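Heads up: the structure comes next, in structure tokens.
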Amino acid sequence: ETGVTQTPRHLVMGMTNKKSLKCEQHLGHNAMYWYKQSAKKPLELMFVYSLEERVENNSVPSRFSPECPNSSHLFLHLHTLQPEDSALYLCASSSQSTGLNEKLFFGSGTQLSVL
Amino acid sequence: DAKTTQPNSMESNEEEPVHLPCNHSTISGTDYIHWYRQLPSQDPEYVIHGLTSNVNNRMASLAIAEDRKSSTLILHRATLRDAAVYYCILRGKESGGSYIPTFGRGTSLIVHP
């Protein structure tokens, strides 16, 4: 248990559906991240939020829409996804402080399948 | 783009030491070197980190070159449970002062019984 909780663990959706992934951390961190991990591919950074402001958007298609209402919660809103978006979506958090040795804590991920 | 380069895969026998290399020739003076690993079907987990001096913890040791352009993660006695993908990343301030942790492909460690 790392303190980062993701729900749901598994999600199957059609291309016309709208769904949301949720991430929650109670570690007192002030930065949260969304990563995408496709089969046998490296972790791809999607979004970074620091102090509830988005500081990175790695050319992610607009069908993925992040939301960070507070420092403890992060959402990824999904709509009109494509089958190639099927992947494991991982949330992580850390402390963006002056100390650059703060480590990342990952959630267990949401395994998404788009039909 | 990932700022580190690692071999795609390495193999080891159980109970033997393993040295996993990482090159980071563009490292800046304030970048920390972090190592994570991802066991099969598990989320990534922190292993160790360092800045200039070698580091030891219960999981591994980290040897950092004097010029800091490379580092080596050392598993002193590999076990089957150590079979995982090992990622070496740099933690430093990007423009705007935020930390953008980018992972490369990592090294897939295979441990033979």
Margin query: Against the condition at pLDDT 95 or above, out of contact with any Lys or Arg (no Cβ under 6 Å at 6 or more places or on another chain) and of a type in the set (G, A, S), how does B:S71 come out, does it pass?
Written below: yes
Note to self: For the range A:21-45, which positions are in contact (Cβ under 8 Å) with a residue 24 or more places away in the chain, assigned to a strand (DSSP E or B) and open to solvent by less than 60 Å² (accessible area, probe 1.4 Å)?
What the structure shows: A:L21, A:C23, A:E24, A:Q25, A:A31, A:M32, A:Y33, A:W34, A:Y35, A:K36, A:Q37
Notebook entry, point to check: Do we find that B:L75 is within 14 Å of chain A (Cβ to nearest Cβ) and within 28 Å of A:L88 (Cβ to Cβ) in this structure?
Noted result: no
Next item on the list: State all residues of the range B:62-96 that are open to solvent by 10 Å² or more (accessible area, probe 1.4 Å) and either in a strand (DSSP E or B) or of a type in the set (S, T, Y) (or both); if no residue qualifies, say none.
Entry: B:A63, B:I64, B:S70, B:T72, B:I74, B:T79, B:V85, B:L90, B:K93, B:S95
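So that you can scan it fast, the table gives a plain yes or no per residue for (1) under 17 Å from A:E102 (Cα atoms); (2) more than 9 Å from chain A (Cβ to nearest Cβ):
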{"position": "B:R37", "(1), (2)": "yes, yes"}
{"position": "B:L51", "(1), (2)": "yes, no"}
{"position": "B:G92", "(1), (2)": "yes, no"}
{"position": "B:R105", "(1), (2)": "no, no"}
Note to self: I need a count of the residues in the range A:1-20 that are open to solvent by less than 80 Å² (accessible area, probe 1.4 Å) and either assigned to a strand (DSSP E or B) or among the β-branched types (V, I, T) (or both).
What the structure shows: 8
Checklist line | Counted residues, the range A:58-69 - those being closer than 25 Å to B:K3 by Cα and open to solvent by less than 70 Å² (accessible area, probe 1.4 Å) | finding: 3
Next item on the list: Considering only the range A:92-107, state which residues are open to solvent by less than 20 Å² (accessible area, probe 1.4 Å), at pLDDT 85 or above and either within 9 Å of chain B (Cβ to nearest Cβ) or more than 13 Å from the chain's Cα centre (by Cα) (or both).
Entry: A:A92, A:S94, A:L104, A:F106, A:G107
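The values are calculated or read from the model by the stated rules, or taken from the named source; none is laboratory data. All values reported here derive from a predicted model rather than from experimental measurement. As a convention, Cβ positions derive from the backbone with ideal geometry for all residues, glycine included, and neighbour counts pool all protein chains shown. Remember, those area values only see protein heavy atoms, side chains included, never the ligands or the DNA or RNA. Shrake-Rupley method; radii C 1.70, N 1.55, O 1.52, S 1.80 Å.
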